[in-house]
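The values are calculated or read from the model by the stated rules, or taken from the named source; none is laboratory data. Every value quoted in this text rests on a predicted model; they were computed, and no experiment measured them. Cβ placement follows ideal geometry from the backbone for every residue including glycine, while neighbour counts extend to all protein chains displayed.
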Amino acid sequence: MPIATRLLIALAGCAAVSFVAEILIQPEEHGAWWHGVAGFDLAIGFAGCGLLVWGSKLLGQLGLQQPEDDHPEDEP
């Protein structure tokens, strides 16, 4: 099994354990409404991480990365 698959399975397992623990352990109600929704912080964390990765790839493709042949060889 490739290492990426094993890492993805481990990540999904950790997320599942965190979600189940959030359902079983009832914290004190304080703060905003989303603190009472099981898995909300987990979902926001995954979405935010995905947006950061997607956004950085998009910025790279839009012009931050230049092709290797963009610079002439005789330039110092």
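What the table below lists for this structure:
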read-out	value
Test: residue in the stretch 21-38 that is surrounded by 11 or more Cβ atoms within 10 Å (Cβ to Cβ) and modelled with pLDDT of 90 or more	no
Criterion (modelled with pLDDT under 90 and surrounded by 10 or more Cβ atoms within 10 Å (Cβ to Cβ)) met by exactly one of L51, L59	L59
Set A47, A21, A32: member being small (G, A, S) and within 17 Å of the chain's Cα centre (by Cα)	A47
Residue list for the stretch 22-43, restricted to those being in contact with a helix residue (DSSP H, G or I) (Cβ under 8 Å, 6 or more places away or on another chain), part of a helix (DSSP H, G or I) and within 20 Å of A12 (Cβ to Cβ)	E22, F40, D41, L42
